[in-house]
Structures are given as C-alpha cells and as structure tokens.
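Mind looking over this structure? Questions follow.
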Amino acid sequence: MQQFRRLCSSSASAAIFTPQSKLREWIRRFEQASVFEPQTSAQLIISHVFGKKMISQLSHEETLMKISAEENARIDKLCSKRLSHIPIQYIIGEWDFRNCSLKMKPPIFIPRPETESLVDLVNLELERSQKLNFRLLEVGCGSGAISLSILREHVEKQEKSTSKPSNQLLEVIAIDVNEEAVNLTKLNSSILHLSNQLTVLNSSVEKFESTRKFDAIVSNPPYIPSTEMNALQKEIINHESSLAFDGGKDGFDVIRQIISFADRSLVKDG
C-alpha cells in the first residue's frame, strides 16, 4: 500500500499541464463557484499569462504545449482571485475599450460595452458641429475611457482625412470626485500620448466651476437607488467603488447636479 501511495504521489507531481488542460480545469472550477462568465474569465486570464489578448491568438499547437511550473503557478494565482469574484479587469490590470487599451485599478469603475454609445453620440455631435473650437466636459471620468476614446478617434479621423482636412480643435476637461479615478485617467492619457489634450480635475460637478461654457457634456453617472445597491453582482458590490453606482435615494442625485450645471454652463444649443 505504501509503495502504491508513493507511485501515486510521484505520478501527481509529474503531471503535465498545457494551456488547454488549464482552460478546462478553470472553466469547471469557475462554473462550480458560480463565477460570472466562467469560460470568458478562464480564457482571458490564461491568454494574459501568455502575453495575448485572446486565447484564439494561441495556435492549436501552442495550446497543447507543456507549460512551465512558473506559468502554471501564475495561472492558478490569477484564477484563484477570480474564484473570489474579483473582476477580471482588475486581475489582468487592463481592459480594451473601443480603440484604447486602458490600465485598470480597483476600485475604479470598469467601462461596460454599452458606454460606447456615449462616445458615438459625442462623435456625431462633433461631426455636425461647424465650430473650430469645441469644448467638452466629462463628468465622472473613471478610467478615462470616454474622454480618451473621443480624443483618440478625433485625432485619428483628422490624420486619415485627405479630401477635407479638419482643423477643429477639441478641448476636453474630465472631472471625477474620486482622486484615484483622476490619477488613473491621467496615467491612461499619458500612456496613450493624449495628456496635452486632456485636463483632468478632482471635483464633483456640484462644486466644479468654469469661466467658459461648454459645447457638450457627457457622463455615465451613478443611477442606482441606494436601496437597490445590494442587488448588484458580487463583483460590483465587493470591488468597484460605490461612488460610480450609488445615485442616492431615487438614483438621480448626480443626474440632478449635472442638469443644474448644464443649465448654466452649456452654450446655446449645446
């Protein structure tokens, strides 16, 4: 019996792991723990360990290759964090939003796909505008996803325009009541080489003052009533800042502040 145990122990220690086998293992463990999007979570973490954005970027041969003990340990360490319902964006420390690769840090709000519609609306307004100088304010910048996407796409459009070059100057100011969010937006703007085109300030919209009016205001404000906060996913409740979600008693606290500010700070037809 002792000899059998030694053989089993030796066999276990000599186990060979591949990206594919680790993927199957962690999808199963995530499913058992009711982790949100178990397959996507496992794919993103394992591809991150191998320096890829998506698991599909690994060739079929690479998914079957033996991984090192260090790679195996790193996969297990990161996946164990996801097992505790830590958002995948915080685990891998980055997230793609439109054409921007953004650094992510807890507890800053994680941009959702539906936020892209706000960028589309501002881009449409920019296209319609005949102004040479367009001033935009973002309220609650978080990681800077909205402002930085708008700025980057504006620059790229100008660079690609051959028939009718645009000289439109886009001035963007982003504010956030959370100083950690301000610092993260500044970091992302630096990485994307957009620091010179974006002013980031630590302020609530209620206390923010500007001597000049804005052509547009964009925001993805907190809108969840305080009494409904506990119904949100574990990932949100335990890890993301409540400042990005809690909209007060009826969910409209910050929204009312934005409307009040807009009433006195937007240009005519803004």
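State the extension gain, in nm to one decimal, for the chain segment bounded by Glu206 and Lys81, taking 0.36 nm per residue of separation less the distance between their alpha-carbons.
41.3 nm
Then there's this: What number results when the radius of gyration of segment 92-137, computed over Cα atoms, is divided by 2.2 N^0.38 Å?
Normalised by 2.2 N^0.38 Å, the Cα Rg of segment 92-137 equals 1.47.
Which FRET efficiency value, to the nearest 0.05, do you get for Ile16 and Asn238 by plugging their Cβ-Cβ distance into 1/(1 + (r/R0)^6) with R0 = 51 Å?
Working from the Cβ atoms, E equals 0.90.
Rg and Dmax of segment 139-270 over Cα atoms: what are they, in angstrom?
When restricted to Cα atoms, segment 139-270 yields Rg and Dmax of 16.6, 54 Å.
Same structure, new question: Rounded to the nearest 20 Debye, what is the dipole magnitude of the chain about its Cα centre when Lys and Arg each give +1 and Asp and Glu each give -1 at the C-beta?
Here the size comes out at about 740 debye.
Under a point spin-label approximation (7 Å from Cα along Cα-to-Cβ), what is the Ala73-Glu180 distance to one decimal in nm?
Modelled inter-label distance: 2.8 nm.
Need one number: % antiparallel among DSSP beta bridges in the chain, to the nearest 5.
20
Could you tally up the Lys pairs in segment 166-255 with alpha carbons closer than 29 Å? Skip any pair fewer than 8 positions apart unless they're on separate chains.
For segment 166-255, the number of qualifying lysine pairs is 5.
Gaussian network model of the chain, Cα springs within a sub-10 Å range: biggest mean-square fluctuation belongs to which of Ser226, Ser47, Ser210?
Highest fluctuation among the options: Ser210.
Could you run the Karplus curve 6.51 cos²θ - 1.76 cosθ + 1.60 with θ = phi - 60° over segment 255-267 and give me ³J(HN,Hα) per residue in whole Hz, x for Gly and Pro?
The phi angles translate into 4, 5, 5, 5, 4, 5, 5, 4, 4, 10, 10, 8, 5 Hz.
Across the chain, where is the longest run that never hits GluC sites (Glu not before Pro) in a DSSP loop with at most 15 other C-beta atoms within 10 Å?
Looking at the chain, 1-205 is the longest stretch - no exposed GluC sites (Glu not before Pro) with at most 15 other Cβ atoms within 10 Å.
Which trypsin sites (Lys or Arg not before Pro) in segment 86-154 sit in a loop by DSSP (not H, G, I, E or B) and have at most 13 other Cβ atoms within 10 Å of their own Cβ?
Those that pass, being in a loop and sparsely packed, are Lys131.
Among Gly140, Gly248, Gly51, which one shows the highest mean-square fluctuation when the chain is modelled as a Gaussian network with alpha-carbon springs under 10 Å?
Gly51
In addition: As an exercise, find the ratio Rg/Rh for the chain from alpha-carbon atoms, using the Kirkwood inverse-distance average for Rh.
Expressed as Rg/Rh, it is 1.09.
Just so you know, all these numbers are worked out from the coordinates, no wet-lab data involved. Please read all numbers here as calculations on a predicted model, not as lab measurements. Note that we place each Cβ from the backbone using ideal geometry, even for glycine, and neighbour counts take in every protein chain shown.
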